[in-house]
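Have a look at the structure below before the remarks.
The values are calculated or read from the model by the stated rules, or taken from the named source; none is laboratory data. Since we're looking at a predicted model, the values are computed, not measured. All Cβ positions, glycine included, derive from the backbone under ideal geometry; neighbour counts span all protein chains shown. Note: accessible area is taken over every heavy atom of the protein model, side chains too, but ligands, DNA and RNA are not part of it. Shrake-Rupley method; radii C 1.70, N 1.55, O 1.52, S 1.80 Å.
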Amino acid sequence: MTRARRPQRILAVASSGGHWVQLSRLKPAFEGHDVAYLTTEPGHRREVGSARFYSVPDANRNAKGKLALATAKLVWIVLRERPDVVVSTGAAPGYLALRVAKLVRARTVWVDSVANVEELSMSGRLASTKADLCLTQWPHLAEGRVAYEGAVL
Amino acid sequence: MIFVTVGTQLAFDRLIRAVDEWAARSGEVEVFAQIGPGAYRPRHLEYSDFIAPDECRERMAAADAIVAHAGMGTIIGALELGKPVLVMPRRADLGEHRNDHQLATADRFSTFGGVQVAADEHALQARLDAFGARADQAPIGPYASDRLLGALSAFING
């Protein structure tokens, strides 16, 4: 790992399930930095040791009230954390965090899920125009602003 | 023991029903299923709608084999634990997911040792007969490739 000039405040964001499992496999890249985690399942708290941990409800497009509440909470967390860097492995909450991160001038990384073999996810396609670094985990999907730099496996 | 999981977000009754029917026939094998928000209630196996992440990990570690939808959480989890995993992809035309990405995912991961793919419920039941007897695999390491970690680290340290 390259050494940091100074520790960065990192906000690492992923929905529960496969996105969270993939984010967890990136932990060595966060070493030496000040990391906070944001996910959709409070039960993941004990997996992050002493790092700061936040969860928001896993709302989908069908539940508008819940979605508004989850969005508001997520925006508040990102603004309060004031990260230097936001890293997300998806899905929708990660994309939202990445957009809000730009308001506090954070640098942003999107790592599209390894599940997306044939095309980038919808969130990934949106993120590819906004993230400072957008990575696919499949070499054949690297194009334009979307780069391939290996996979979580 | 066989641990079955369909993840927490979407129902996958076709998978649960197939395993339930198989469990009724085979009789001997102990099966626990996490069935998600499905309508189908299994009659021949122990089940729960949702389980906490800790319990899911514990049940995966204790299982002889894992049967699941082709979700990355389960596939990577099984590879990390070195457990044989049999996956059946969700199909969008049956309302099981928003799109058919699990078909492509399952296809790619079928080249990993320890991951088997059943295209449909008939293939799943046929595979299940021999599946529980499979030996554990060598687990994969806990972290992403050095290349990916290096690229991220370089970006973070900017």
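Might you let me know whether region B:108-127 holds any residue that is under 30 Å from A:HIS33 (Cα atoms) and either within 8 Å of another protein chain (Cβ to nearest Cβ) or exposed (fewer than 14 other Cβ atoms within 10 Å of the Cβ) (or both)? Looking for residues that are under 30 Å from A:HIS33 (Cα atoms) and either within 8 Å of another protein chain (Cβ to nearest Cβ) or exposed (fewer than 14 other Cβ atoms within 10 Å of the Cβ) (or both), one finds none in region B:108-127, hence no. If you go through region A:86-109 and keep only what is within 12 Å of chain B (Cβ to nearest Cβ), farther than 23 Å from A:GLU31 by Cα and among the charged types (D, E, K, R), you end up with nothing. The conditions of being of a type in the set (S, T, N, Q) and either open to solvent by less than 20 Å² (accessible area, probe 1.4 Å) or facing chain B (nearest Cβ under 7 Å) (or both) are not met by A:THR71.
Looking at A:PRO83, is it under 14 Å from the mean Cα position of the chain (by Cα), in a loop (DSSP other than H, G, I, E, B) and within 13 Å of chain B (Cβ to nearest Cβ)? Yes, satisfied. The residue that is farthest from B:PRO84 (Cα to Cα), among those in region B:128-138 that are open to solvent by less than 70 Å² (accessible area, probe 1.4 Å) and of a type outside the set (Gly, Ala, Ser), is B:LEU128.
Please verify whether B:PRO89 is buried (at least 21 other Cβ atoms within 10 Å of the Cβ) and away from every other protein chain (no Cβ under 14 Å), treating the condition exactly as stated. No, not satisfied. With respect to the conditions (1) open to solvent by 40 Å² or more (accessible area, probe 1.4 Å); (2) under 21 Å from A:SER121 (Cα atoms); (3) modelled with pLDDT of 95 or more, A:ARG82 falls short on a single one, namely (2).
Could you look through region A:1-41, keep only residues that are under 24 Å from A:ALA91 (Cβ atoms), charged (D, E, K, R) and part of a loop (DSSP other than H, G, I, E, B), and pick out the one that is modelled with the lowest pLDDT? Per the criteria, the residue is A:GLU41. Considering B:GLU55, B:GLU46, B:GLU21, B:GLU28, the condition of being more than 14 Å from the chain's Cα centre (by Cα) and at pLDDT below 95 is satisfied by B:GLU28 alone.
Restricting B:GLY95, B:GLY141 to residues that are open to solvent by less than 50 Å² (accessible area, probe 1.4 Å) and farther than 24 Å from B:SER26 by Cα narrows the list to B:GLY141.
Counting only helices (runs of 4 or more DSSP H) wholly contained in region B:1-85, the ones carrying 2 or more residues that are within 14 Å of chain A (Cβ to nearest Cβ) and without any contact (Cβ under 8 Å) to a residue 12 or more places away in the chain occupy B:53-62.
Pairing each residue of region B:137-151 that is within 11 Å of B:GLU80 (Cα to Cα) with any residue that is among the aliphatic types (A, V, I, L, M), provided the two are 6+ apart or on different chains, yields C-beta distances under 8 Å for B:GLN137/B:LEU79; B:PRO139/B:LEU79; B:PRO139/B:LEU81; B:ILE140/A:LEU153; B:ILE140/B:LEU79; B:TYR143/A:LEU26; B:TYR143/B:LEU149.
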